[in-house]
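All remarks here apply to the structure that follows.
The values are calculated or read from the model by the stated rules, or taken from the named source; none is laboratory data. This one's a predicted model, so the numbers in the text were calculated from it and none came from an experiment. Positions of Cβ are generated from backbone atoms using ideal geometry, with glycine treated the same way; all protein chains shown enter the neighbour counts.
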Amino acid sequence: MRVGVLAVQGAFIEHRQKLSSMGIDNFEIRQLQDIQKPFDGLILPGGESTTQGRLLKDLGLFEPLKDKIQKGLPTLATCAGMILLATQITGENYHHFGTLPIEVTRNYYGRQLGSFHRQIQYEGNRLDLMFIRAPIVKSVRPEVKVLLKVDNLIVAVQHKQQIGLSFHPELSKQTFFHDQFISLVRAQQKS
């Protein structure tokens, strides 16, 4: 198993460290040649979605990655990464990949000072959730599974092979959501 982590901008190092601690082979995607060899999963990290979207196009990565996601490449998208996947961004008349049928509202909790940490119980696990300039999911299409709400706001979704999270699981000690993603990768490898 080999997982690519988009590394053009944002919090990619923490995802790589998390995957390495789990024994998962991973590499950085910085330019087109990085995705020429086969890989089994993709992580789109937090950061600045507009900058990431622009760099993806400038580097020639946008269309090849979008094609792989549309063809079922398991993808974990956190914070800005979820914005990259969304089909609609509140108040904007554009989208990036547009492969995840949700509407997101960027920076819902405000600027950096509005960042916060929340501990929750989820599926029998105690999870630490870090929200940093976090978006929320304003709405989902019927085919999207809502995985998690915090304060009655949607913060985690899944559609086919794509998992979108408002928060940063790479910053917690738990591996719960990375485990969910790796399960998608393993299931895809078996099919």
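Using the structure shown, decide if Val8 is within 23 Å of Thr87 (Cβ to Cβ) and of a type in the set (A, V, I, L, M).
Details: within 23 Å of Thr87 (Cβ to Cβ): yes; of a type in the set (A, V, I, L, M): yes.
Yes, satisfied.
Checking the structure you have, find out if any residue of region 127-134 is over 17 Å from Ile69 (Cα atoms) and either modelled with pLDDT of 95 or more or touching a Pro at 6+ places or on another chain (Cβ under 6 Å) (or both).
No, region 127-134 has no match at all.
Within region 76-109, work out how many residues are over 20 Å from Leu6 (Cα atoms), touching a His at 6+ places or on another chain (Cβ under 8 Å) and among the aliphatic types (A, V, I, L, M).
Going through region 76-109 one residue at a time, the tally reaches 2.
Scanning region 1-17 for residues that are buried (at least 20 other Cβ atoms within 10 Å of the Cβ) and touching a Phe, Trp or Tyr at 6+ places or on another chain (Cβ under 7 Å), which turns out farthest from Pro45 (Cα to Cα)?
Residue satisfying both the conditions and the ranking: Val3.
Sort out for me the strands (runs of 3 or more DSSP E) sitting completely within region 136-189 that have 2 or more residues that are farther than 22 Å from Val3 by Cβ, under 14 Å from the mean Cα position of the chain (by Cα) and not polar (S, T, N, Q).
Strands (runs of 3 or more DSSP E) meeting the threshold: 136-140.
Tell me whether region 145-166 contains one or more residues that are within 26 Å of Gly23 (Cα to Cα), among the hydroxyl-bearing types (Ser, Thr, Tyr) and surrounded by 19 or more Cβ atoms within 10 Å (Cβ to Cβ).
Yes; the residues of region 145-166 include at least one that is within 26 Å of Gly23 (Cα to Cα), among the hydroxyl-bearing types (Ser, Thr, Tyr) and surrounded by 19 or more Cβ atoms within 10 Å (Cβ to Cβ).
Please find, within region 18-42, the residue that is surrounded by the fewest Cβ atoms within 10 Å (Cβ to Cβ) out of those that are within 16 Å of the chain's Cα centre (by Cα) and outside any strand (DSSP E or B).
Among those residues, the one meeting the criterion is Asp40.
Scan region 90-122 for residues that are in a loop (DSSP other than H, G, I, E, B), over 26 Å from Gly60 (Cα atoms) and touching a Leu at 6+ places or on another chain (Cβ under 9 Å) and jot them down.
Once the filter is applied, which keeps residues that are in a loop (DSSP other than H, G, I, E, B), over 26 Å from Gly60 (Cα atoms) and touching a Leu at 6+ places or on another chain (Cβ under 9 Å), region 90-122 yields only Tyr108.
Please go through region 63-87 and pick out each residue that is of a type outside the set (Val, Ile, Thr), closer than 17 Å to Asp34 by Cα and either touching a residue at least 60 places away in the same chain (Cβ under 8 Å) or in contact with a Ser or Thr (Cβ under 6 Å, 6 or more places away or on another chain) (or both).
Leu73
Identify, by number, the condition in (1) within 24 Å of Asp179 (Cα to Cα); (2) modelled with pLDDT of 95 or more that Glu63 doesn't meet.
(1)
Test Gly60 against the stated conditions and say whether it is in contact with a Ser or Thr (Cβ under 9 Å, 6 or more places away or on another chain) and either buried (at least 18 other Cβ atoms within 10 Å of the Cβ) or not hydrophobic (A, V, I, L, M, F, W, C) (or both).
Against the criterion (in contact with a Ser or Thr (Cβ under 9 Å, 6 or more places away or on another chain) and either buried (at least 18 other Cβ atoms within 10 Å of the Cβ) or not hydrophobic (A, V, I, L, M, F, W, C) (or both)), Gly60 does not qualify.
Filter region 50-89 down to residues that are under 25 Å from Asn107 (Cβ atoms) and assigned to a helix (DSSP H, G or I), then give me how many there are.
19
Those residues that are assigned to a loop (DSSP other than H, G, I, E, B) and touching a residue at least 24 places away in the same chain (Cβ under 8 Å), I need them from region 124-135; list them, please. Break it down stepwise before answering.
Of region 124-135, the ones assigned to a loop (DSSP other than H, G, I, E, B) are 124, 132-135.
Ile132, Arg133, Ala134, Pro135, listed by residue number.
Out of all the residues in region 70-87, is one or more surrounded by 20 or more Cβ atoms within 10 Å (Cβ to Cβ), touching a helix residue (DSSP H, G or I) at 6+ places or on another chain (Cβ under 6 Å), closer than 13 Å to Ser166 by Cβ and of a type outside the set (A, V, I, L, M, F, W, C)?
Looking for residues that are surrounded by 20 or more Cβ atoms within 10 Å (Cβ to Cβ), touching a helix residue (DSSP H, G or I) at 6+ places or on another chain (Cβ under 6 Å), closer than 13 Å to Ser166 by Cβ and of a type outside the set (A, V, I, L, M, F, W, C), one finds none in region 70-87, hence no.
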